Amino acid sequence: MILPFKSVSLSHRTAPLAIREMLALNEDESKGFYVKCKDLFGLNELLIVSTCNRTEFYYTSDRDISTDLIKAFLIEKGLTNTAEYLGYFKQMDETEDSLRHLFEVATGLQSKVVGDLQIPNQIKKAYQQAADLNMAGPYLHRLMHTIFYSNKRVAQETSFRDGAASVSYATVALAEELSQALPNPKVLILGLGEIGLDVCKNMEEKDFAEFTIMNRTIEKAEKIASGKELFRVAPIADLWKEIAAADIIISSVRTDSPMITQAEIKKLQLLSFKYFIDLSVPRSIEDGIEKINGVLLYNIDTLKERADEALATRLASIPDVRTIIEESIVSFNDWSKEMEVSPTIHKLKNALEQIRKEEMNRHMKGLTKEETEKLEKITAGLVQKIIKQPIIHLKAACKRGDSDKMVDVLNDLFNLESFEEIES
């Protein structure tokens, strides 16, 4: 019997950033909570997804444990006043609802930035962790590979993955594009407000350059860089030294007047191209610096225009993405229904194999080795032909939703429960 597939979701749609940050799980915390869920609830299939925008749990169980799971999670995070936080979670106890939600999350339909390119990799990492901890059984294995195939179809058959649909994504895409003509590109990220943090997050899986981050409060930069070899930190006092060393400067500093000016850039006596990307409002880079030879400036309006175009393309592709998801869910549900009758198919094969072997043993005396092998081949072929039609009709009954009747008929017709298990 396939157990119901359920889910619990806390996301940007249900909770503010402060709550999401408080309840996010790092890798070690996820591992610990997998173990706790196995001990507390006896779960054998569990997927934990935790990103900057969501913390979610997907599991199979015939019991109603979602509320208890949320409470256990909150206590694990040190929050004993669990009633205050329950309202931030969405519970989905119907298999269809949970399946559709996971497909939509994994493809990026549920993302803050529609079509988020990072989410497929985040889902893969979550699945790998579940598999490593033996918390992924046949159902979850099949489901995740169906999702991966759906994502592949989305990328190949739609425009849903095209372009960068947010300013921070567009910034990263532009920096990567500009770096292609540079031998050893160096990128300076200046300012770690909301948009600067988004740029850093979107850079985390990139390796096209050397990245330096700088902030007025160096402790914030060090926290972002902690545990990430990708980023090095520089103090704000070294601003012009770092600008001189960088090829691409991304600035999102909040300032009343530009802190990067023509006069200061002229002092650098540039010998190669230098690209500036100003994401600040008001601007932190003086307008007109592109008049200096070797300097190119991109501002937030340019990036926003790119992002708006990409977002429009992605939004237009949503119906195609939903079609792929629905087709994938139908295919997966067909498989899960067939899995429910697989014990009956196994018993039928076992019963016919026992009959075949009993009859073989009755007639093998006096036969030569060649005759025995020929008889073995003939009888095995007969069994395969006999069992073929019942299996075809049983699987067809699964798709119609009336397999129970046929299972009962086969059990009665062949008295399947009376046959012993054959060791393979």
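Beta bridges from DSSP with both residues in the chain: antiparallel share about 40 percent, rounded to the nearest 5. If you wrap the Cα atoms of the range 1-151 in a convex hull and average its projected area over all directions, you get 8.2 nm².
The sum of -39500 (n - 2.57) across all DSSP H runs of n ≥ 4, divided by the residue count of the chain, sets its helix-only mean residue ellipticity at 222 nm to -18000 deg cm²/dmol. Axis of helix 27-41 versus longest Cα principal axis of the chain: the two differ by about 30°, to the nearest ten degrees.
Can you give the Rg/Rh ratio of the range 178-219, where Rg is from the C-alpha atoms and Rh is the Kirkwood radius? Before the final figure, lay out each step's value.
Numbers: Rg = 11.1 Å, Rh = 11.2 Å.
Ratio of gyration radius to Kirkwood radius: 1.00.
All C-alpha to C-alpha distances of the chain, sorted into 10 Å bins beginning at zero, yield P(r) values of 4, 17, 21, 19, 15, 10, 7, 5, 2, 1, 0 percent in whole numbers. Annotation for the range 175-190 versus the range 68-137: alpha-carbon center distance of 35 Å.
Which value, in Å², gives the accessible area per residue of the range 307-358 when a 1.4 Å probe is used on the protein heavy atoms? Don't skip to the end; give the middle numbers.
On the way: 2500 Å² over 52 residues.
Value for the range 307-358: 48 Å² per residue.
Spatially, the range 286-351 and the range 246-282 are offset by 35 Å when compared through their Cα centroids.
Structure note, pairs Lys6/Lys31; Lys357/Lys377; Lys38/Lys125; Lys6/Lys38; Lys186/Lys267; Lys124/Lys337: Cα-Cα distances above 23 angstrom occur for Lys124/Lys337. Compared with the dominant principal axis of the Cα atoms in the chain, helix 66-76 is inclined by about 50°.
Ordering Gln262, Phe103, Pro183 by Cα displacement along the dipole of the chain toward the positive end leaves Pro183 in first place; charges were set at the Cβ atoms of Lys, Arg (+1) and Asp, Glu (-1). Just the number: Rg to Rh for the range 1-80, Cα atoms, Kirkwood Rh, two decimals. A ratio of 0.95. The accessible area of Lys31, taken with all protein chains in place and a 1.4 Å probe, comes to roughly 80 Å². With respect to the chain, whose longest principal axis is taken over its alpha-carbon atoms, helix 95-107 is tilted by about 40°.
Over the range 231-335, with every protein chain in place, what whole percent of the accessible area is carbon and sulfur at 1.4 Å, could you tell me?
Numbers: 2860 of 5500 Å².
Carbon and sulfur together cover 52 percent of it.
Heavy-atom accessible surface of Val35, to the nearest 10 Å², is about 80 Å², with a 1.4 Å probe and all protein chains retained.
Measure off, as a whole percent, the carbon and sulfur share of the 1.4 Å-probe accessible area of the range 1-101, all protein chains present. Don't jump to the answer; show the numbers that get you there.
Working: 2270 of 4650 Å².
Reported share for carbon and sulfur atoms: 49 percent.
The solvent-accessible area of Met364, taken with every protein chain present and a 1.4 Å probe, is close to 70 Å².
The values are calculated or read from the model by the stated rules, or taken from the named source; none is laboratory data. Just so it is clear, the model here is predicted, and its values are computed rather than measured. Note: ideal-geometry Cβ built from the backbone for every residue, glycine included; neighbour counts use all protein chains shown. What goes into the accessible areas is simple: the full protein's heavy atoms, side chains included, and nothing from ligands, DNA or RNA. Shrake-Rupley method; radii C 1.70, N 1.55, O 1.52, S 1.80 Å.
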